[in-house]
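Have a look at the structure below before the remarks.
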Amino acid sequence: MLTAPRAWSDLTPSWMSAALGRPVTRTRVGDVVHGTNSRALVEVSYADGPGPPRVFVKREGRVLGRLALTALGAREAETDLVRHGTRLPLEHPAFHAAAADRRRLATVVVMEDVTLRGGRPHSALVPLGVEQVAAGLRELAGLHAAYWDARLPAFARPWRLGPAWAPVVRGGFVHALLKLRRAGHRLRVGAADLDRDFRAWARTASTGPQTLLHGDPHPGNTYGVGTGVGFYDWQLVRSGSWVHDVGYFVTSSLCVDDRREHERALLEGYLDALGHRPADAWSRYRRTPAFGLGSWLQTWAAGTFQPDDVCLATIERFAAAHDDARSG
């Protein structure tokens, strides 16, 4: 039975043999990148027969990241996704294995290195093109349609912000806005209004047809392959309204001008691919920026989950969309 390693040095040939289901003679862990989680590419050699020469391994992050994901009920979401063999009818990395240790708040996921088949990781700092976003929306439509108002995996929790989190969320907004002002950036919304809109969106996301969501489809969690777009980092896989993924992906991925010019057509293209056409699709879509803006302000306030430049670039896109929605 695969166990969650205590350190990167525990990814021995024996451990990797259990993860990949074939005899491994050598492993070499590359540079480890730290964020909400820790991740690295691992080179692999085999005793005989074919196998991937390199895999991508994702482990639990530092203590603050583990506590944050625990509070969100998301610490083991991706490992559960893998261990349950959940069908994901969209472009994504192939999963090899996953394990968790609840006592240590530890997790591990071993997956395909998509660059081995020509995958090109995207950067959250570089907006995607309109055609790339259209391609990504078609992929998301395939996922959403497959689980549309159907029985969802037990681990896929809905978006909920309980009353106990109210002071934490509000305090995070106050701190983030103050931190932004000190850095020379100002938003056209105060903490109280943002808190109200953020909570209202969480309630909206739990109404209407429910489906399986990626949960965090910003461009840094996507990659190009051929002319298509794939999605990785399923840490925040959730159940909820289709529009959460759509609004979050469109707004975080496009530059402001492209989003303003093309978002209606992109939404129409998504709905065509989905095969469902909710009557309130546009009004729901217009409410989505509050959640993205609030989430990235909380990330900025924490200061350790994402680089500052990524936070600021993403906040700028969501803030513009939030202003557009508030101004009609």
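Here Thr251, Thr299 are screened, and the one residue that is of a type in the set (Val, Ile, Thr), under 28 Å from Val33 (Cα atoms), crowded, with 18+ Cβ neighbours inside 10 Å and modelled with pLDDT under 95 is Thr299. Per this entry, Phe95 is not counted among residues that are closer than 19 Å to Thr222 by Cα, hydrophobic (A, V, I, L, M, F, W, C), at pLDDT 90 or above and touching a Pro at 6+ places or on another chain (Cβ under 9 Å).
The helices (runs of 4 or more DSSP H) found entirely in segment 184-288 that carry 2 or more residues being in contact (Cβ under 8 Å) with a residue 12 or more places away in the chain and more than 16 Å from the chain's Cα centre (by Cα) are 191-205, 256-274, 281-286. Per the conditions (1) basic (Lys, Arg); (2) part of a helix (DSSP H, G or I); (3) touching a residue at least 12 places away in the same chain (Cβ under 8 Å), the sole criterion not satisfied by Arg160 is (2).
Take the conditions crowded, with 22+ Cβ neighbours inside 10 Å, modelled with pLDDT of 90 or more and either over 23 Å from His276 (Cβ atoms) or touching a helix residue (DSSP H, G or I) at 6+ places or on another chain (Cβ under 7 Å) (or both) and apply them to Thr227. Does it pass? Answer is no for this residue.
What about Ala154, is it out of contact with any strand residue (DSSP E or B) (no Cβ under 7 Å at 6 or more places or on another chain) and over 22 Å from Phe291 (Cβ atoms)? Yes: the conditions hold for Ala154.
The rows are residues; the columns are (1) surrounded by fewer than 22 Cβ atoms within 10 Å (Cβ to Cβ); (2) at pLDDT below 90.
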residue: Ala183; (1), (2): yes, yes
residue: Ala192; (1), (2): yes, yes
residue: Pro209; (1), (2): yes, no
residue: Leu213; (1), (2): no, no
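On inspection, Gln306 qualifies as part of a loop (DSSP other than H, G, I, E, B), buried (at least 18 other Cβ atoms within 10 Å of the Cβ) and not small (Gly, Ala, Ser). The sole residue among Val168, Val174, Val130 that is modelled with pLDDT of 95 or more and β-branched (Val, Ile, Thr) is Val130.
Among the residues of segment 236-248, those that are out of contact with any Pro (no Cβ under 8 Å at 6 or more places or on another chain) and surrounded by fewer than 24 Cβ atoms within 10 Å (Cβ to Cβ) comprise Leu236, Val237. Close Cβ contacts (under 9 Å, 6 or more residues apart or on different chains) running from residues in segment 77-95 that are surrounded by fewer than 17 Cβ atoms within 10 Å (Cβ to Cβ) to residues that are modelled with pLDDT under 95 comprise His84/Pro153; His84/Ala154; His84/Phe155. Taking the criterion of being in contact (Cβ under 8 Å) with a residue 40 or more places away in the chain and either in a helix (DSSP H, G or I) or within 17 Å of Gly226 (Cα to Cα) (or both), the only residue of segment 97-111 that qualifies is Arg104.
The values are calculated or read from the model by the stated rules, or taken from the named source; none is laboratory data. What you see is a predicted model; the values in this text were computed from it and never measured. Don't worry about glycine lacking a Cβ; one is built from the backbone with ideal geometry, like all the others, and counts go over all protein chains shown.
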